[in-house]
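Structure, as structure tokens:
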Amino acid sequence: MCLTHNFWQLTISGLSDGFLYALIALGYTLVYGVLQLINFAHSEVFMAGGFGGLFVVQALVGGKTPHGISSVMLVLLGVIVGALVGGAVAFLLERVAYRPLRRRNAPKLAFLISAIGASLFLVNIAGKEFGRQAIPMPDLYTNGNVFSVFGAQVQTNYVVVAIAAAVMLVFLDRLVAKTRLGQGIRAVAQDADTASLMGVNIDRVISQTFVIGGLLGGAAGFLFGMVFNVQNNMGFIPGVKAFTAAVLGGIGNIRGAVLGGLVLGVVENLGVSCVESAWRDVIAFGILVLVLLFRPTGLLGERLGRSA
Amino acid sequence: MEIKTMVRAAVPLALGAVVLAGCSSSSSGGTGNGGGKKTFAIAYQGPLSGDNAQLGINMDNAVKLAVKQANDKGDLPFTLKFVDADDQGTPDGGPPAAQKLIGESDVIAVIGPAFSGATKASEPLFSQAHLLSVSPSATNPNLTSLGFSTFFRVVPPDDAQGKEAANYLAKVVKAKKVYSVDDKSEYGVGLSGVLEPQLKTDGVTVIHDGIPPTKDYSAEAQKVKGANPDAVYYSGYYADFALFTKALKAAGYKGPLMGGDGDKDTQYVVQAGAANAEGTLFSCPCSDATVDPKAKDFAAAYKAMFNADPGTYSPESYDATNAVISVLKGLGANPTRQQVADAFKTVDFQGLTKEIKFAPNGEVAGTTIFIYQVKAGKIVVVGTTADLIK
């Protein structure tokens, strides 16, 4: 009874959350695919994208809420700037925090510590530079109910996030499946040593993989900041959730990350319709554990190379 | 190579400088400086970083100002200085911050801790150290019944606030069904735990939910919308209430929204967006220095020193500090922590916000609760509940 009460409404807001998780999850999954490394600093790439988009939008939007074509252009611009900043930070991250370790054949644990260090560094440098208060993004359009499905109201926010995310996800899927760059990524993911013997420049592919993940993460950071607020520690929770989504779908698997993100978003939202909202994360992570008990490699299984 | 050697030489040098600086500053503390007077410190403990830092900064500044004014007057038998410790407003941040202050031997009294959770975690340490702590803002009802020997607060507990807020919702807003949400914190649960029974006593249907701070309140907002209440009350802190407000408005909730003293901050309006925040009500045991004629001088001095208006709990912090200073004055040139804590029990000081005197358990006398509302993007006072509820 309680589950059906708000079913469609919660499913829709869950899908909107899920799209954001999926965008971030791809950053984790791509990097894991080629390096078998959990890039814990990815949540800060997301944060950087949020700030990048925020500053551009703040400079352009005056007192009045824009509408019509200028809203569309502003959102597009914000997504692009967020993505570029995210990509740039991810690129630097790989250069500074990971590549030197890789050159020295450092053990896996060193990468993990380096990732955590980079993450803390970025959170705190942003806190120092931009303050630790949440900063609201100026409204880029008037958020309201656009249409309804099965009696559930669909807000402008959901539509914008879903469209932006879906376009990027399809684009990425094609990129990995069809282009030379995608071939390189898949080759390194399948077997890095053999790939290098076949003439694939591993360093370049890894760097490109980080940048692609960063572009998506940065764009997600902007979208998240647009719906909620921008803050120096905004990446932590979405980062953990997205990592969960990546594992849920099968880490290293691109479509798995998308599916995992959407499932996690919907489950979280529906989960609280019957119980106190404090149970939200308990339910979400309980389901994660259950899925992994029965399918240890996630819903769609591991491996970037094979699935894409 | 050149650079490497320089770095090698520079690091120990820099470290040495830090150590030396540390030594010299600690050796001057406690002992005489300036005409043979001893130096004592009044400390502030509260959140100076983290999501709800603004509340802490409001208080930190006011304590700083009171200490400066007392020194400037020049009639103290000792010199006062100001120190602070950041507990981020969290329970686990409390003990380390308290320990830091206890460890500084010249700290003679503490204003704070600011938040209830941090207070509960810190007070056992202060009691043990016989160090007076006067909170300007920790309103959780239980704090005065836990046997802390050196704890006082200059605001009435949430018992009073919760009851008055409930009566206001029932009798002035005329709500028949209220959706009460708390943030599961020490403070939030305490406040909703008083609000809800009182609402029921007033014949109002109550729906309860608890949600720990999160960024995404959309699911919660849908739940609220689905329940179709006449009013929503949020017991928590402003950063979260701002996001919750945003989500509620996006979900199409149009009814009255009300929060407690932890929600009342200008940052709430900024973070929720002025349009979303418009009309939101607050209950608060705090007076507003920017509108209270009695606090005019204080507000002007505050503005001159910090280039900002005093915020929520600035006047209470100022009062608490001045009450402590008034006690210190009576203790001569060399008071001990124990003496200060004992003497504070019988303080009777006319502050800006109220007459500060205490019941034996550390609870301040008198319980005036104010109602505030966001109007045209500003938080303005509506009146005291005593006047509004007829």
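Below is a table of values for the structure above.
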| quantity | calculated |
| --- | --- |
| Matching residues, the range B:222-246, being of a type outside the set (A, V, I, L, M, F, W, C) and away from chain A (no Cβ under 11 Å) | B:ASN228, B:PRO229, B:ASP230, B:TYR233, B:TYR234, B:SER235, B:GLY236, B:TYR237, B:THR245 |
| Where a residue in the range B:206-223 is in contact (Cβ under 8 Å) with a residue 60 or more places away in the chain and its partner, wherever it lies, is among the hydroxyl-bearing types (Ser, Thr, Tyr) and surrounded by 24 or more Cβ atoms within 10 Å (Cβ to Cβ), with Cβ under 9 Å and at least six apart | B:PRO213/B:SER185; B:PRO213/B:TYR237 |
| Failed criterion for A:TYR141 (all others in (1) at pLDDT 90 or above; (2) crowded, with 16+ Cβ neighbours inside 10 Å hold) | (1) |
| Any hit, the range B:333-344, residues being out of contact with any Leu (no Cβ under 6 Å at 6 or more places or on another chain), outside the structural domain of B:THR280 (by TED's automatic domain parsing) and among the β-branched types (Val, Ile, Thr) | yes |
| Residues of the range A:233-246 satisfying the condition of being surrounded by 24 or more Cβ atoms within 10 Å (Cβ to Cβ) and more than 10 Å from chain B (Cβ to nearest Cβ) | A:GLY235, A:GLY239, A:ALA242, A:PHE243, A:ALA245, A:ALA246 |
| Top-ranked residue in the range B:219-246 [being aliphatic (A, V, I, L, M) and not in a helix (DSSP H, G or I); ranked as surrounded by the most Cβ atoms within 10 Å (Cβ to Cβ)] | B:VAL232 |
| Qualifying position, being more than 14 Å from chain B (Cβ to nearest Cβ), under 21 Å from the mean Cα position of the chain (by Cα), within 18 Å of A:ILE135 (Cβ to Cβ) and not polar (S, T, N, Q), among A:GLY53, A:GLY62, A:GLY87, A:GLY33 | A:GLY53 |
| Some residue of the range A:262-270 being under 24 Å from A:VAL159 (Cβ atoms), small (Gly, Ala, Ser), part of a helix (DSSP H, G or I) and within 14 Å of chain B (Cβ to nearest Cβ) | yes |
| Tally of residues being buried (at least 24 other Cβ atoms within 10 Å of the Cβ) and either of a type outside the set (Gly, Ala, Ser) or within 14 Å of chain B (Cβ to nearest Cβ) (or both) across the range A:248-261 | 6 |
| Of all residues making up the range A:113-143, the number that are under 21 Å from A:MET73 (Cβ atoms) and either facing chain B (nearest Cβ under 8 Å) or not in a loop (DSSP other than H, G, I, E, B) (or both) | 3 |
| Given (1) assigned to a loop (DSSP other than H, G, I, E, B); (2) more than 10 Å from chain B (Cβ to nearest Cβ), number of the condition A:VAL275 does not satisfy | (2) |
| Unique match (being within 23 Å of B:ALA333 (Cβ to Cβ) and at pLDDT 50 or above) among B:ALA97, B:ALA70 | B:ALA70 |
| Selection within the range A:3-18 - facing another protein chain (nearest Cβ under 7 Å) and assigned to a helix (DSSP H, G or I) | A:HIS5, A:GLN9, A:LEU10, A:SER13, A:ASP17 |
| The range B:256-280 - residue that is touching a residue at least 40 places away in the same chain (Cβ under 8 Å) and farther than 27 Å from B:THR90 by Cβ and, of those, nearest to the other protein chains (Cβ to nearest Cβ) | B:ALA274 |
| Helices (runs of 4 or more DSSP H) completely within the range B:45-157 that count 3 or more residues being within 21 Å of B:PRO310 (Cα to Cα) | B:53-73 |
| Test: residue in the range A:169-177 that is modelled with pLDDT of 85 or more and farther than 19 Å from A:ALA219 by Cα | yes |
| Residue satisfying condition, being in a helix (DSSP H, G or I) and facing chain A (nearest Cβ under 10 Å), within set B:LYS249, B:LYS303 | B:LYS249 |
| Given (1) under 28 Å from A:ASN232 (Cβ atoms); (2) within 14 Å of chain B (Cβ to nearest Cβ); (3) not β-branched (Val, Ile, Thr), index of the condition A:LEU172 fails | (2) |
| Pair list, Cβ under 6 Å, 6 or more apart: the range B:300-319 residue surrounded by 14 or more Cβ atoms within 10 Å (Cβ to Cβ), other residue outside any loop (DSSP other than H, G, I, E, B) and among the small types (Gly, Ala, Ser) | B:PRO310/B:ALA299; B:SER314/B:ALA62; B:PRO315/B:ALA295; B:SER317/B:ALA62; B:TYR318/B:ALA62; B:TYR318/B:ALA66 |
| Selection within the range B:281-293 - without any contact (Cβ under 8 Å) to a residue 60 or more places away in the chain and either of a type outside the set (Val, Ile, Thr) or part of a strand (DSSP E or B) (or both) | B:PRO293 |
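The values are calculated or read from the model by the stated rules, or taken from the named source; none is laboratory data. Everything quoted here is computed from the prediction, not taken from an experiment. As a convention, Cβ positions derive from the backbone with ideal geometry for all residues, glycine included, and neighbour counts pool all protein chains shown.
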